[in-house]
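The values are calculated or read from the model by the stated rules, or taken from the named source; none is laboratory data. Just so you know, these numbers come straight off a predicted model, no measurement behind them. Virtual Cβ from ideal backbone geometry, glycine too; neighbours counted across all protein chains shown. Please note that ligands, DNA and RNA were not included when accessible areas were found on the heavy atoms of the full protein model with its side chains. Shrake-Rupley method; radii C 1.70, N 1.55, O 1.52, S 1.80 Å.
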Amino acid sequence: MTELTRTVRTGARTGLSIDSMLSAAVMAEMLSPSSDLWLVSPWITDVQVIDNSHGTYDALFGDVPPGGWRLSDALLRIAGAGTRVHVVTRPDPHNDPFLRRIEAPELVNLFVHRDPDVHEKTLCGQDWILTGSMNYTVRGMAKNDELVTYNVGGPDAGQARLDLAQRWRSSS
């Protein structure tokens, strides 16, 4: 596979957001699931990752009525399809509402790792990685000046998965 990389500097000053890149990554993951998916972010809110309010993706999702998909919805669907989903975040009250939505006891392949020292911000699948300075929060995605790189193909995603598993899999 050819390696493709796109770096975006988001924020109010640039007028750019990460929405379309994040949507593409999440939809690709739903269509071709990885064995492991890693979401690492010190702070997480249940941001919208896919806008299906106009029914654009009804053939894929079957939403009735069409609506938006939040990060928790996407992660639960991906885990429900058999992917081992790892969420690494800080043990902070800010993250609790999001974590309550994804901690479903019937999903044996969704793992939450709480680490007070985590500062990395990465979403990583089998052959792609979205990484940079952005937390998965409303401010991180829509307001703050951030640098985010999306890489498909090449060795970066594989190395990241190995590194992340080394750091947190033992606590699964």
Rounded to the nearest 5, what % of DSSP beta bridges with both residues in the range 1-114 are antiparallel? 30
At 20 °C and 1.002 mPa s, grab the translational diffusion coefficient of the range 89-172 from Stokes-Einstein with a Kirkwood Rh over Cα pairs, rounded to a whole number in µm² per second. 149
Can you tell me the equivalent ellipsoid semi-axes for the chain? Use √(5λ) from the Cα gyration tensor, largest first, whole Å. 21, 20, 18
Residue-normalised accessible area of the chain, expressed per residue, 1.4 Å probe, Å²: 50
Would you mind counting up the charge near R169? Only other residues with Cβ under 12 Å from its Cβ, with Lys and Arg at +1 and Asp and Glu at -1. +1
Protein accessible area in the chain, 1.4 Å probe - carbon and sulfur %: 53
What's the ranking of 76-89, 24-37, 154-167 by average number of surrounding C-beta atoms within 10 Å, highest first? 76-89, 24-37, 154-167
Near the amide H of L16, under 5 Å away, which other amide H atoms are found, from residues 5 or more places off or on another chain, if H is placed in the peptide plane? G11
The range 62-172: antiparallel DSSP beta bridges as a percent of all, rounded to 5: 60
Considering all alpha-carbon pairs of the range 74-131, what whole percent are spaced by more than 16 angstrom? 47
Ordered by packing density, taken as the mean number of other Cβ atoms within 10 Å over each peptide's residues, highest first, how do 90-98, 116-124 rank? 116-124, 90-98
